[in-house]
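**Q** Once you've had a glance at the structure underneath, I'll fire off some questions.
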Amino acid sequence: MSEEIDNKKIVVFTGAGVSAESGLQTFRDSNGLWNNYEVNDVATPAGWENDPALVLKFYNERRLEACEAKPNDAHKAIARLQEEYEVVVITQNIDDLHERGGSEHVIHVHGELRKVRSTKDEELIYDIGADTIITGNLCEKGAQLRPHIVWFGESIQNYEISVKHIRTAGKVLVIGTSLAVYPAAGVLKKARYHAEKIIVNLDMEKKPFGYKWIRGKATSVVPHVVDLWLGGKCVV
Ligand code: NAD
């Protein structure tokens, strides 16, 4: 492979667990049900086809919840890495807590709650902040708006660029993901053999090869990993 590994580059790969201590429920904690909704009804193209009003209501509630949540010490610690490294955050999360925690380069692979897009032209994407959308809210081409979210059965976003970044990272930090959702989880396998690779998670069914697992809560463990990687400079 031609890409050079860069020891001053870190990829941070996150899932719902990094936002759990900000009060946002993880997928797993909710046992497949998300505040009384059935995942198939609200997170699949068939669900949207069947009842768009229900899907919009579900994401309106999630959007409001995420806007009210605050970045926690893990999100903030990740941003501190930028003092000494090029940091690329690749997140499966649809909240914007990494951005609000100070991370400047965030790649979303499963979409963003703050954004909606046209059902006619997927290039037409709008940032609506904490607003709600309902059936009848249209894009400038007259088509219904839908959440800018990757539903089960849809292609993930930014896969190639994510792989490109992880292949050149000297360090990889994975936080709060069950690694159950593919192909997003497959990105981790593209990390280099010689890169330092750490996973911070409460539990782990199958650890990917070459990663060191630190069991614990994101807000307890991540600031220490960050301090270590910043050369022992303790800020907390
Ligand atoms: P998941 O729910 O499948 O797994 C969460 C993982 O985080 C588990 O392994 C759990 O042990 C760990 N965890 C829980 N609390 C933790 C904590 N405080 N510190 C460290 N680890 C903790 O989530 P996933 O792997 O991200 O996949 C589910 C899908 O649902 C993803 O696409 C995700 O984006 C989406 N989702 C997003 C949000 C959000 O944007 N905040 C919330 C729920 C689900």
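All of the numbers you see were taken from the coordinates with simple rules; none came from a lab. Note that the structure is a prediction, hence the values are computed from the model and not measured. Because the Cβ atoms are built from the backbone with ideal geometry, glycine has one as well, and the counts that use them run over all protein chains shown.
**Q** Out of the residues in the range 145-178 that are polar (S, T, N, Q) and buried (at least 22 other Cβ atoms within 10 Å of the Cβ), state the one that is nearest to the ligand (Cβ to nearest atom).
**A** Thr177
**Q** Check off (1) surrounded by 22 or more Cβ atoms within 10 Å (Cβ to Cβ); (2) aliphatic (A, V, I, L, M); (3) out of contact with any Leu (no Cβ under 6 Å at 6 or more places or on another chain) for Val116 and give me the number that stays unchecked.
**A** Unmet for Val116, out of (1) surrounded by 22 or more Cβ atoms within 10 Å (Cβ to Cβ); (2) aliphatic (A, V, I, L, M); (3) out of contact with any Leu (no Cβ under 6 Å at 6 or more places or on another chain): (3).
**Q** Which of the strands (runs of 3 or more DSSP E) contained wholly in the range 54-168 include at least 1 residues that are under 21 Å from Ala195 (Cβ atoms)?
**A** Answer list for the range 54-168: 86-91, 106-108.
**Q** Right, here's the next one. Take the conditions more than 20 Å from Leu24 (Cα to Cα), without any contact (Cβ under 8 Å) to a residue 24 or more places away in the chain and not aromatic (Phe, Trp, Tyr) and apply them to Lys189. Does it pass? Reasoning before the result, please.
**A** Details: more than 20 Å from Leu24 (Cα to Cα): yes; without any contact (Cβ under 8 Å) to a residue 24 or more places away in the chain: yes; not aromatic (Phe, Trp, Tyr): yes.
Yes.
**Q** Something else about it: With (1) more than 11 Å from the ligand (Cβ to nearest atom); (2) closer than 22 Å to Val39 by Cα; (3) not charged (D, E, K, R) as the list, and Val181 as the residue in question, which single condition is left unmet?
**A** In the conditions (1) more than 11 Å from the ligand (Cβ to nearest atom); (2) closer than 22 Å to Val39 by Cα; (3) not charged (D, E, K, R), Val181 misses (1) alone.
**Q** Can you list residue pairs whose Cβ atoms sit under 7 Å apart, with the first residue in the range 203-230 being assigned to a loop (DSSP other than H, G, I, E, B) and the second being charged (D, E, K, R) and near the ligand (Cβ under 8 Å from one of its atoms)? Count only pairs 6 or more apart in sequence or on different chains.
**A** From residues that are assigned to a loop (DSSP other than H, G, I, E, B), the pairs are Lys217/Glu21.
**Q** Still on this structure, please answer the following. Look at Phe13 and say whether it is within 11 Å of the ligand (Cβ to nearest atom), within 16 Å of Gly111 (Cα to Cα) and out of contact with any Leu (no Cβ under 8 Å at 6 or more places or on another chain).
**A** no
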